[in-house]
Amino acid sequence: MDRQIIFLVVLLVTLLLFGYTTHRYIGFFKHTRKGFPVKQLGRRFGVMMEVAIGQTKIFRRPVMGLLHALVFWGFLVILIGSIEMIIDGLFGTERVLAFLGGLYNFIIASGDIFALIIAVAILVFLFRRVFLHVKRFSGIEMKHISHLDANVALSMILFLMLSLLGMNTFYIQEATHAGHEVVGLYPVSSMLASWIDAGEHNELWYHFNWWLHIGLIFLFANYLPYSKHFHVFMSVPNVFLSRLEPLGKLDTMESITKEVKIMMDPDQAFASPPEGAEAEEEVPERFGIMDVEDVTWKNYFDSLACTECGRCTSVCPANITGKKLSPRKVVMDVRARMKEKGPGLIKNGNDYSDNRSLLRDYISEEELWACTLCNACAQECPININQPALILGMRRYLVMEESAAPGELNAIFSNIENNGAPWQFSQEDRMLWTDGKVEVPLMADLLAKGEKPEYLLWVGSAGAFDDRYKQVSVAFAKVLNHLGISYGVLGVEESSSGDVARRAGNEMLFQMQAMMNIEILDGYEVKKIITCDPHAYNTLMNEYPDQGGNYEVIHHTQFLRDRISDGKLSMNGGSLSGKKITFHDPCYLGRANGEYKAPREVLEALGSTVEMKRHKSFALCCGAGGGQMFKEAEKGEKEVFIERTEDALETGADIIATACPYCMVMMTDGLKYKNKEEEISNYDIAELVARDLGL
């Protein structure tokens with residue numbers, strides 16, 4: 001009975017301390033924005049089982065991924081034994097779950113094996129942290145306390161496993177001396193028992209290890225919320241709460257939508273409320289993220305779940321090339337800032353100010369503008385944290401609240417507003433790209449004839465105005481004409497999709513562009529859109545539906561692949577005989593939307609291909625996304641496009657194939673920088689197909 005009372009007291013203290021910590025965090029959540037509705041529970045459960053329980057993303061680094069997965073799965077098994085220990089401790093029972101029979105024996109045996117596996121894995125983890133100095137474990141955000149915390153947590157796990165093995169070992173000895181056969185239940189501990197025998201003190205050592213193990217469990221549970229290992233609790237629910245949309249889709253700001261609709265239809269601003277309804281005076285919320293109370297509850301949840309593993313930062317193109325941005329730091333800064341400001345918010349409400357903010361005091365503008373929004377960090381995160389959402393939120397604040405974007409981006413905003421393109425060309429010049437080289441039907445002319453084409457070809461601003469990418473537009477139009485495809489273009493009616501403006505933080509300009517374009521597209525009753533631009537592909541397919549524009553959007557590599565598959569397009573590869581081709585994956589075709597097969601299948605029909613060391617979902621960004629195409633890069637050791645060009649050159653390929661206007665510009669510049677433009681060519685896939693067809 002004394003043992004039960006002591007156990008009950010210890011358990012109550014543990015629960016009270018954990019309850020206090022939980023209550024504190026709940027208080028912080030109350031001061032974040034709502035947003036992020038949780039729907040599609042069935043699909044979320046599937047994602048949780050695949051990513052969290054199945055540990056699929058952790059296997060992107062196979063060796064360490066396997067060790068981590070074994071630790072996680074081992075904890076799930078050992079947790080059952082821990083629950084049994086709590087029941088036994090409360091009620092004075094012994095092996096209370098033994099009634100499960102064979103299943104119980106399997107669980108106990110598995111737990112014994114996993115205890116050794118986890119102990120070995122933890123020793124490997126500690127060795128790597130202490131002696132190997134793995135690059136992703138370092139960084140400006142990884143202070144001494146961070147390393148100490150990791151080592152303390154890992155050491156506690158190690159002692160948890162050693163105490164479990166010790167408990168099992170002396171239990172075997174005690175049972176054996178009492179004439180009971182339990183060796184088969186403990187494959188590892190039975191081996192240890194053959195080496196260790198405390199004689200008459202076996203029972204004492206058993207109880208010592210029992211109390212040590214349960215005590216460490218209670219201590220660990222209350223240490224975790226203050227540690228990077230809080231992900232032990234938070235990672236599984238965080239994966240359950242993952243964004244279910246494609247990585248390339250950005251969330252729509254409803255507050256901006258209201259403003260834009262009023263701007264485009266001023267009568268709405270003066271419309272009377274329905275009879276019997278009172279006009280509401282809404283306090284306008286701050287656009288974007290300035291401080292921690294501007295983040296959504298999910299952003300803060302992400303920060304608590306962050307494992308600080310550095311996988312996100314290790315694949316960030318800005319960080320790889322020596323720039324200040326570290327996606328891990330951005331997430332950790334949210335957690336640190338809430339820890340600093342949260343108590344004041346709880347006490348004084350959201351009007352509380354300590355004359356500091358998340359933006360600038362924690363995260364600099366230089367960090368934010370270094371991001372290419374390539375989504376490599378979100379792709380890599382083993383628990384599906386969405387780092388770009390925080391970066392974009394702060395960009396939105398800088399642009400829409402302070403007009404503090406870099407000068408080059410302000411210029412493209414102005415160009416889009418006045419000319420419908422990021423460049424200072426007149427919208428009336430949008431058809432000059434044809435230059436008599438190809439006949440392209442206009443939607444307006446087709447409508448006048450009573451014709452309704454099957455496809456709209458979205459040329460895009462780069463396809464219409466960039467000197468190099470005009471050649472791609474011509475090549476693809478020739479292929480369409482060769483195939484006899486029913487299509488048309490908007491010509492001077494086409495305007496920027498708004499992708500650049502949105503990713504540079506100008507949500508209002510994006511929504512204005514989207515609504516104007518949708519009005520034109522719907523006026524022509526467009527159903528299917530083909531484009532050579534992955535950024536337009538992503539925006540039209542994933543983001544226009546939020547504004548009411550729903551279309552079937554096809555990237556030109558998908559279209560070409562399908563025509564090859566159905567036999568309408570025959571490739572002989574004669575023009576590329578003896579040439580090796582390497583393909584650079586565009587971020588907004590591959591990582592953002594999961595399309596890796598189509599471009600490769602087209603290239604395989606053309607000739608011999610070779611992969612870069614970083615390809616498909618591991619591919620490095622070209623460096624042009626997120627508005628970087630139109631501004632000077634932030635300071636670093638090298639430019640991202642140079643790093644990526646070096647990847648291509650390492651393959652020994654004769655041709656670098658691209659499928660994006662931004663990638664085309666960056667890879668071309670990279671070849672010039674490396675003085676390789678005479679030896680190695682950079683072609684869009686559409687150009688290679690047209691060349692093979694002799695067009």
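At-a-glance table
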read-out: All positions within the range 312-328 that are closer than 21 Å to LYS57 by Cβ and either crowded, with 23+ Cβ neighbours inside 10 Å or at pLDDT below 95 (or both); value: CYS312, THR313, VAL315, CYS316, PRO317, ASN319, SER326, PRO327, ARG328
read-out: Which listed residue, of TYR537, TYR551, is under 24 Å from the mean Cα position of the chain (by Cα), under 23 Å from GLY594 (Cα atoms) and not acidic (Asp, Glu); value: TYR537
read-out: Selected residue (only one of PRO453, PRO441 is surrounded by 15 or more Cβ atoms within 10 Å (Cβ to Cβ), within 20 Å of GLU552 (Cβ to Cβ), without any contact (Cβ under 8 Å) to a residue 40 or more places away in the chain and assigned by TED's automatic domain parsing to the domain that holds VAL553); value: PRO453
read-out: Tabulated pairs, the range 662-688, first at pLDDT below 95, second assigned to a helix (DSSP H, G or I), C-beta under 8 angstrom, 6+ apart or interchain; value: GLU677/THR668; GLU677/LEU671
read-out: Candidates VAL283, VAL292, VAL239 - the one that is at pLDDT 95 or above and more than 17 Å from ARG395 (Cα to Cα); value: VAL239
read-out: Number of the condition not met by ALA536 [criteria: (1) surrounded by fewer than 22 Cβ atoms within 10 Å (Cβ to Cβ); (2) touching a helix residue (DSSP H, G or I) at 6+ places or on another chain (Cβ under 9 Å)]; value: (1)
read-out: Condition check for GLY498: under 25 Å from ASP684 (Cα atoms) and crowded, with 24+ Cβ neighbours inside 10 Å; value: yes
read-out: Residue among ALA153, ALA109, ALA115 that is assigned to a helix (DSSP H, G or I) and within 27 Å of the chain's Cα centre (by Cα); value: ALA153
read-out: Residue among ILE86, ILE145, ILE113 that is touching a residue at least 60 places away in the same chain (Cβ under 8 Å), out of contact with any Gly (no Cβ under 8 Å at 6 or more places or on another chain) and over 22 Å from PHE218 (Cβ atoms); value: ILE113
read-out: Check on HIS144, out of contact with any Pro (no Cβ under 6 Å at 6 or more places or on another chain), closer than 29 Å to ARG95 by Cβ, in the same structural domain as HIS229 (by TED's automatic domain parsing) and of a type outside the set (Lys, Arg); value: no
read-out: Residue check for HIS213: surrounded by 14 or more Cβ atoms within 10 Å (Cβ to Cβ), at pLDDT below 95, part of a helix (DSSP H, G or I) and in the same structural domain as PHE75 (by TED's automatic domain parsing); value: no
read-out: Cross-chain or 6+ apart pairs with Cβ under 8 Å, the range 174-198 first and within 23 Å of ILE78 (Cα to Cα), then of a type in the set (Asp, Glu) and not in a loop (DSSP other than H, G, I, E, B); value: GLU174/GLU203; LEU185/ASP112; TYR186/ASP112; PRO187/ASP112; VAL188/ASP112; SER189/ASP112
read-out: Residues that are hydroxyl-bearing (Ser, Thr, Tyr) and surrounded by fewer than 22 Cβ atoms within 10 Å (Cβ to Cβ), drawn from the range 373-414; value: SER403, SER414
read-out: All helices (runs of 4 or more DSSP H) inside the range 428-503 with 2 or more residues being within 33 Å of the chain's Cα centre (by Cα) and modelled with pLDDT of 95 or more; value: 460-465, 467-483, 499-503
read-out: Criterion: surrounded by 15 or more Cβ atoms within 10 Å (Cβ to Cβ) and either under 30 Å from CYS377 (Cβ atoms) or out of contact with any strand residue (DSSP E or B) (no Cβ under 8 Å at 6 or more places or on another chain) (or both) - qualifying residue of THR22, THR14, THR93; value: THR14
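The values are calculated or read from the model by the stated rules, or taken from the named source; none is laboratory data. Just so it is clear, the structure is predicted and the values come from calculations on it, not from any experiment. Positions of Cβ are generated from backbone atoms using ideal geometry, with glycine treated the same way; all protein chains shown enter the neighbour counts.
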